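The values are calculated or read from the model by the stated rules, or taken from the named source; none is laboratory data. Since the structure is predicted, the reported quantities are computational estimates derived from the model, not experimental observations. A quick note on method: Cβ atoms are made from the backbone with ideal geometry, for glycine too, and the neighbour counts reach across all protein chains shown. The protein model used for the area step is the full one, side chains on, heavy atoms only, and it has no ligands, DNA or RNA in it. Shrake-Rupley method; radii C 1.70, N 1.55, O 1.52, S 1.80 Å.
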Amino acid sequence: MSPLSLHRKLVLGIMLTAGLALLLALGAFLAIEATSSRESAQRELAVLADVLGEGATASLEFRDAQESERLLASLRFQRPIEMAVLFDRNGQPFAHYRREGISASRLPLRPPKAGRAFEDGGYHLSHPIVRQGEFLGTLYLRSDLSYVYARMRWGLLVGFSLTLMIAGGALAFALRVGRVVADPILRLVDVARRVAEHGDFGDRVVRESQDEVGLLVDAFNRMLDELRARQSRLLEAQQMAHLGNWMVAPSTHQVECSEEVLRVCGVNQLPTTLEGFRPLIHPEDLPQVQGALQAVLSRGESLSLDHRLSLPDGSTRWVHSTAATFREASGELVLRGTLMDITDRKQAELALRASEHRLNEILNSIDAYIFIKDRNFRFTYVNRKVCELFGLPAEEIVGKDDSAFFSGPSLTEIQQFDRRVIEQGETIATQETNLRPSDGKPRTFWSVKVPLKDQEGSIYGLCGTSTDITARKLAEDERERLQNQLQQASKMESLGSLAGGVAHDMNNVLGAILGMAELGIEDQPEGSQGYRSLDTIMRAAQRGGKMVQSLLRFARQSPAELQELEVNTILREEVHLLERTTLAKIRLDLELAEDLRPIRGDASALTHAFMNLCVNSVDAMPEGGTLTLRTRNVDNHWIEVGIEDNGTGMPKEVLDKALDPFFTTKGIGKGTGLGLSLVYSTVKSHQGQLELQSEPGVGTRVRMRFPSCDITAPTEAALEDPLPTCAQRALQVLLVDDDDILRGALTAICKKLGHSVTAVSSGEEALAVLETGAEPDWVLLDMNMPGLGGAGTLPRLRAICPHVPVLLVTGRADQAAIDLVGSHQGVTLLAKPFSIGTLQQHLDSLGGAIS
């Protein structure tokens, strides 16, 4: 059975649609007509009941049955009425009527329920009769449906006639529509078939009408235009992308391809079968291509690989091939694929790899730790320095985060900075102190971390560079330590200058007091009140002199006696004293070098300094501990003394101020703040070095270095030398001192001793006296005076009087004074304050030399 044509389908569809519509319309018409007939019959019967009810009112009221029978008998002219019954108010039949042929047994004996209804093939009506509100009885009527049936037969006839007329018109319309619609569509189908068979998108359908079919033709022609344009664009895109497509039917092995495949392969015509492609594939890539193609054909896999083609001109071209099997609508299995020229891309990839290699070489040659992390803080690149830092190859670092290499505060610090860079987009330059995982040594890095952003500005990672600044940091710390020492030395120097000035003035005052007291005591009987008073003044002056000596030691300008000292002996004496004064809970350890070289110094000052440090250590161990005293030879010119405890220690802020004068952490009345300052000044006055180290909870260590014996200094006579009664012979003395009180006292003393005195107040005046021709036997010259002073006067004095003995008097016998004495012959250093006996001893020695 052949399929129906489009024309017949349209005609048949229109006729079926019209027939269905007519049937629905006819049914609706008959239903409406039946309903209308029933409603008309109901209305007529209701009107009839109202009329009969009015007529029967009087007969019911007066119980006139004959009148009621006559009234109902009039219904014989109403053909549809089958029966009628009039009931009184008690519900008893009062009168009735039945049409001929209706059995009397069908008459109801009781009045039905008021109302109307269709049942038993007829229409029933029960109508109550009421007059002035009084119920008189009930009228029952029943009619047949002959009227309704008659109207329905008429309606059916009219509807069937109309249906036949409309069906004829629908047939004529369907035939016309078939010709108008089907013919253009069939022509459109012919064009579509030719396009599908030949791929010629230039064919067109002629538009013959302006209706919807014409619009369909226009739409079809526009679709052909769009397909032709798309085909053109596709060919252009394939040519621009160097991408061609091909198809092979495995059953026939016939190859079809686009023009771009020919251009990529460098041929004018491709082989007609797959086997003919073998010469075009590079020999080294042929096994791989054949294996992949076999997997596609046998197992249905997809092919996607890069390989080379050997072109007929001898050149080589890189291509990317894809292939897969597809089943056509006909059920035939075909192999489709694409071929893309990627020679430029391959060359770019090779250039990129070469560039990456060069960049990696550059980054590996930089003396810095360079790394890249993603948003999850995992390493994505590390250079050679990072690998050396972790002691791992790059493959074992990339993909891991910092928790694989760091821990504790170092890890927290790194993560905090990285999070700021990734989440807030900050560029951070900071100092990081971490542990080197490869050797565990603490290292300090200066790190710069910047966010990495894509073209949209979104952060996808960070790049960091870290420089090892450990050596530089140590150098900076050392420089800071030296600067602190310089500042401390400067402070002590300033305080020493102040102390030296005060000591100089005090020595002048004490010298005058001591000298005058010694002169006055000779005139007093021993044991008298005056003798006791002057003796008290002398002892007070001598005690004041010792206090000044301590002050000068603090200022590092002490004229103390320098002598060869055994430091081990001093420390043993310290330990002997401590063992008697400290509690048993303090353990004393001595680690003294037996071959310790001697030094030159002031035994009293060093004893005082060592005792200060030991007392501080004992105070730092209230619950007990160990106090260790060490000595050792450092090199050929230095020795080292160490005093160490394991007490409470000092925090950094206290350690930084420990050597400051008057700084103390002890309570009121328990410390002056000068202990460590005096120790520092004592060490410096011995041309030594002091290093103080402390850590809370660990303890404190003090290391002092002193030069070996290479300093000599003159000694002075004791203050308690007996006062001679007379001089060996009278001498001519030139007294030079700027202090009026001391100058007066020394003049009186010298005269008391039997010498002649010329007293002047400055070096300039002394030189003027000498230039006049004066020839003193000896000169008493003060070191510290305004103007030329002792240092400026002595060379000029020597130029005038080369051989005159000079007694250089000073309150602070510093290195400058010692060097000045050593650079001129016949000069002796005398420290203030001095007694008359000491002065007499020097004068006697000078007198003997002169005589």
Q. What is the local net charge at Glu259, summed over the other residues whose Cβ is closer than 15 Å to its Cβ (Lys, Arg +1; Asp, Glu -1)?
A. -2
(Q) Shape verdict for the range 207-358, please, from the Cα gyration tensor: rounded (a/c under 1.5), prolate (a/b greater than b/c) or oblate. (A) prolate
Q: Using only Cα atoms, locate the centre of the range 35-85 and the centre of the range 183-237, then give the distance between them in Å, rounded to an integer.
A: 80 Å
Q) Mean projection of the alpha-carbon convex hull of the range 275-433 over all orientations, in nm²? A) 16.3 nm²
Q. To one decimal place, what Kirkwood hydrodynamic radius in Å is obtained for the range 341-393 from all pairs of distinct Cα atoms?
A. 12.8 Å
(Q) List residues of the range 162-176, by number, whose backbone nitrogen lies under 18 Å from a label position 7 Å along Cα→C-beta of Ala28. (A) 162-167, 170
Q. Gain in length, Arg151 to Tyr460, computed as 0.36 nm per residue apart minus the alpha-carbon separation, to one decimal in nm?
A. 102.2 nm
**Q.** the chain - mean residue ellipticity at 222 nm from DSSP helices (-39,500 (n - 2.57) per run, n ≥ 4, rounded to 500)
**A.** -16000 deg cm²/dmol
Q) Is the range 734-832 best put as rounded, prolate or oblate by its Cα gyration tensor, with a ≥ b ≥ c the root eigenvalues, rounded for a/c under 1.5, and otherwise prolate when a/b is larger than b/c, oblate when not? A) rounded
Q) With the calculation restricted to Cα positions, what are the radius of gyration and Dmax of the range 585-657 in angstrom? A) 14.1, 40
Q. What spacing in nm lies between the two simple spin-label points modelled at Arg63 and Leu227, each 7 Å away from Cα in the Cβ direction?
A. 10.3 nm
Q. For Ala404 and Asp819, FRET efficiency with R0 = 56 Å and r from the beta-carbon atoms, rounded to 0.05?
A. 0.25
**Q.** Using alpha-carbon coordinates, inclination of helix 470-521 to the longest axis of the chain, degrees
**A.** 30 degrees
Q: For a quick protection proxy, order the peptides 411-421, 285-295 by their average other-Cβ count within 10 Å, most packed first.
A: 411-421, 285-295
Q.
Exceeding 25 Å between C-alpha atoms, which entries from my cross-link table qualify? They are Lys684/Lys832; Lys585/Lys684; Lys400/Lys441; Lys473/Lys652.
A. Lys585/Lys684
Q.
What are the equivalent ellipsoid semi-axes of the range 777-818, built from the alpha-carbon gyration tensor (square roots of five times its eigenvalues), in whole angstrom, biggest first?
A. 17, 11, 9
**Q.** Ranked packing of 739-751, 506-518, 523-535, most packed first, by mean Cβ within 10 Å
**A.** 506-518, 739-751, 523-535
Q. Mind checking Rg over Rh on the range 725-770, alpha carbons, Kirkwood formula for Rh?
A. 1.01
Q: Taking the convex hull of the Cα atoms, report for the chain its projected area averaged over all directions, in nm².
A: 102.5 nm²
Q: Determine how large the accessible area of Glu522 is when every protein chain is in place; take a 1.4 Å probe and give Å² rounded to the nearest 10.
A: 90 Å²
Q.
Report the per residue volume, in Å³, of the convex hull enclosing the C-alpha atoms of the range 369-468.
A. 86 Å³
Q. Of Pro833, His320, Leu592, whose Cα points farthest to the positive end of the dipole of the chain (charges on the beta-carbon: +1 Lys, Arg; -1 Asp, Glu; origin at the Cα centre)?
A. His320
Q) Points 7 angstrom from Cα along the Cβ direction at Ala748 and Leu588: gap in nanometres? A) 4.9 nm
Q) What does the accessible area per residue of the chain come to in Å², with a 1.4 Å probe and no ligands, DNA or RNA counted? A) 55 Å²
(Q) Let me check I've understood the local charge: for Arg796, count other residues with C-beta under 14 angstrom from its C-beta, Lys and Arg +1, Asp and Glu -1. What total comes out? (A) -2
Q) Roughly how many Å is it from the Cα centre of the range 119-178 to that of the range 343-369, as a whole number? A) 101 Å
**Q.** Listed peptides 106-117, 331-342 by packing density, highest first (mean Cβ within 10 Å)
**A.** 331-342, 106-117
Q.
Restricted to Cα positions, what overall size does the range 45-199 have along the principal axes? Three whole-Å values, descending.
A. 106, 30, 28
Q) Carbon and sulfur atoms: what percent of the 1.4 Å accessible area of the range 239-361 do they account for? A) 53 percent
**Q.** Rounded to 10°, Cα long-axis angle of helix 567-581 versus longest principal axis of the chain
**A.** 70 degrees
